[in-house]
Each structure stands twice: as C-alpha cells, then as structure tokens.
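A.B. asks: One structure is given below, represented as structure tokens, and several questions about it will come after.
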Amino acid sequence: MGKSGIKVDPFCFGGNVFGWTADEKTSFELLDAYTDNGFDFIDTADVYSSWASGNKGGESEAIIGKWLKKSGKRDKVVIATKVGKPMGHDKKGLSKKYITQAVEDSLKRLQTDYIDLYQSHDDDKDTPLSETLEAFTGLIKEGKVRAIGASNYSGARLNEAIDVSKKNGLALYQTLQPEYNLYSREGYEIDLEPVCLENNIGVITYYSLASGFLSGKYRSENDLSKSQRGGGIKKFLNPRGLRILDALDAVAKEYNTVPASVALAWLIARPGVTAPIASATSVKQLKELLNAATIRLSEEAIELLTMASEY
C-alpha cells in the first residue's frame, strides 16, 4: 500500500454489504470464507450501511468488530475504514475536531485499538488540507492509525495534499480509493493515474464491477430487477457496455472462470493498482471473485479487454 510498508493480498473485500444485503450471520460466514481462503484486506467506512432502512451508520464497522472479537483474527487482517461522509447532525467533514471524535467511534465499533488504513472519504474543501493532515499525523503518532489514504479526490487536490504533507513534515496519503473499472476508466486514467504512479500511491478501486454490471448478469432491461442495485445498471446497457461484456465472456471462457473474475483480474494487472474492492452476499459468489487474484491474464487478453472498453 504505497510506501506504508503494509502489504495486502490483491483483492479487497468491500464491507458496504454488511448490515445491508448481508445480515450479521451471513457477514460472519463471508468474512470467515474470505480469511480461510488466505485473504486479509477488508474495507469499510463509518457511514456504511446508513442507507438501509432502520440504520443510522456504523453498522458495517460494528459487524466487523463483533467478527474480529469472535474470530480472534485481528492480527491476521488489514482493516481500512473511512471518515468524512455525513453521519447525522454536524458529524461530517475532515476538521481536526471531527476526525479526533470519529476515529474513537470507529475504533469502538471495530473493537480494536488501531486502524491499519484510515481514509478521507471525501475531499473537504471547507477545511485546510494542513489541518486534516495534522490530525491524521497525530493519530499515527498515537498508534491509533498505521497509514492514511484518500478517496474521491481530484488529481489536483491529491497533488496539493502531497505538497502540503512534504512542506510541513506531515503524514502522506499512501493510497487512493477512486471509482475505476472496465466501464468507468476515463476519470481515473486521465486525472488520477499519473499522480498515483508518480508518487507511488497504492490504488484501491471501488465500483470495481460497475455495481455488478461487469458480472454479466445484467444483459437487458429485463434483468434490472435481479438485485437491489439493478436500478443503477441501466446507464451501462449501451453498445459500449455490451461490447465489454462480449470481451469478458470471451476471456472468461478461455480461463474457465466467470466475467466478474476477469474484470477484477484486468484491474489487478493495471500498474499502480494495489487491490480492487468488490463485495459478495454469498460464499459461492465470493469464491468466484477470489479467483481473480490467481488469474494471470495474457497480454492478448488484457489488450482485448482494453480495446473493447476504449472511451
């Protein structure tokens, strides 16, 4: 993960499903299966899963915390969480005061005394970058956080944050969490990839499967009712999207796997990508995704996918 010294497996389990489409029992089964298969990187956020009916935020962290206590696997996993998205009332942003409060809440829910990777969930333009980075630096010195990362930053703001850290002797962002997948390439590749490669920032991609579209289970508008995420898939059902699915089908057949694994393997093969994040709601689905970490795509396969998804 950047220059942090923290090493992780090249597939990250996304904790956005915990407390939403996966209840506590299912979440424990998924986390057990994930770690039993030799993987170690779990991403969540304080705001997960506030969008589910009856939730208020913190549910995902709380489930992970209960699992860590029950399994005794805290030293076997790398836990990444985030701060900054609105958590109700005035709980939001990246001020020193709020970060100091939010980290304690996350540590309590996670039932741990340190967070491996603590990430700015959103760029907070109302707070000076120096204040945010000073707060994070203090947490690292206190041993509450091992490394810091950013999410949803522009290339210019990420560069600015790096400059502020270097000029003031503050902790540097070691990772970036951007939206990036075979369909949504342009924003990351043009604006962010150059900054990450130049500064050796590890990239952890979200929406790695384009909300499930790249799994191949949505081929027409008739398929949109297949899951709670279906409504957001319609925008991908166009000639370019279907061309990407055709390429994924061809490569999946060649490697005797499923399209989702191939889509993740393409990300893993990209320079600078540490690990794509993806989530699953069943152990069967999870094991299919884990195959991505063992697939070594040929140059021809990578080229086919890259050309099919050209923007």
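A.B. asks: Would you list, by chain and number, the lysines whose Cα falls below 29 Å from the Cα of LYS167, excluding same-chain residues fewer than 8 positions away?
C.D. replies: LYS3, LYS7, LYS82, LYS85, LYS92, LYS96, LYS97, LYS125, LYS141, LYS144
A.B. asks: Something else about it: Taking the alpha-carbon centroid of each part, what is the distance from region 168-238 to region 15-63 in angstrom?
C.D. replies: Answer, in whole Å: 20.
A.B. asks: Based on the mean of other beta carbon atoms within 10 Å per residue, what is the order of 79-88, 45-54, most packed first?
C.D. replies: The packing order, highest mean first, is 79-88, 45-54.
A.B. asks: Run lengths n ≥ 4 of DSSP H only: what is the helix-derived mean residue ellipticity at 222 nm for the chain, with -39500 (n - 2.57) per run over all residues, to the nearest 500?
C.D. replies: -11500 deg cm²/dmol
A.B. asks: If you find the alpha carbon centre of region 87-101 and of region 129-160, how far apart are they in angstrom?
C.D. replies: Here the answer is 14 Å between Cα centres.
A.B. asks: At 0.36 nm per residue, minus the direct Cα-Cα distance, what do GLU303 and LYS125 gain on full extension? Give it in nm, one decimal, please.
C.D. replies: 60.2 nm
A.B. asks: Now for a separate question. According to the square roots a ≥ b ≥ c of the eigenvalues of the Cα gyration tensor, what is the shape class of region 139-212, taking rounded for a/c under 1.5, prolate for a/b larger than b/c otherwise, and oblate for the remainder?
C.D. replies: oblate
A.B. asks: Follow-up question, since we're still on this one. Peptides 239-250, 297-308: what's the order by average Cβ count within 10 Å, highest mean first?
C.D. replies: In decreasing order of mean packing, 239-250, 297-308 become 239-250, 297-308.
A.B. asks: Keeping every protein chain present and rolling a 1.4 Å probe, give me the accessible area per residue for the chain in Å².
C.D. replies: On a per-residue basis, 44 Å².
A.B. asks: Of all the accessible heavy-atom surface of the chain, with the other protein chains kept in place and a 1.4 Å probe, what percent is carbon and sulfur?
C.D. replies: 48
A.B. asks: How much FRET efficiency would the formula 1/(1 + (r/R0)^6) give for LYS141 and LEU237, where r is the Cβ-Cβ distance and R0 is 51 Å, rounded to 0.05?
C.D. replies: 0.55
A.B. asks: Another question, then. What is the gain in length, in nm to one decimal, between TRP51 and LYS166 on full extension, counting 0.36 nm per residue of separation less the C-alpha to C-alpha distance?
C.D. replies: 37.7 nm
A.B. asks: How would HIS121, HIS89 line up by accessible area, probe 1.4 Å, largest first?
C.D. replies: Final ranking, largest accessible area leading: HIS89, HIS121.
A.B. asks: Evaluate the distance, in nm, between pseudo-label points positioned 7 Å from the Cα of GLU310 and of VAL283 along their respective Cα→Cβ axes.
C.D. replies: With each label point 7 Å from Cα toward Cβ, the separation is 4.5 nm.
A.B. asks: Lysines within cross-link reach of LYS25: Cα-Cα under 20 Å, excluding same-chain residues under 8 positions apart?
C.D. replies: LYS56, LYS66, LYS69, LYS70, LYS73, LYS284, LYS287
A.B. asks: What order, most packed first, do the peptides 147-155, 285-293 have when packing is the mean number of other Cβ atoms within 10 Å of each residue?
C.D. replies: Those peptides, ordered most packed to least, come out 147-155, 285-293.
A.B. asks: Please work out the FRET efficiency for the pair ASN200 and ASN37, using the Cβ-Cβ distance as r and a Förster radius of 25 Å; give the result to the nearest 0.05.
C.D. replies: 0.30
The values are calculated or read from the model by the stated rules, or taken from the named source; none is laboratory data. Since this is a predicted model, take the numbers as computed values, not measurements. Reconstructed Cβ throughout: ideal geometry from the backbone, glycine too, with neighbour counts over all protein chains shown. Protein only, heavy atoms only, side chains kept; ligands, DNA and RNA dropped before computing areas. Shrake-Rupley method; radii C 1.70, N 1.55, O 1.52, S 1.80 Å.
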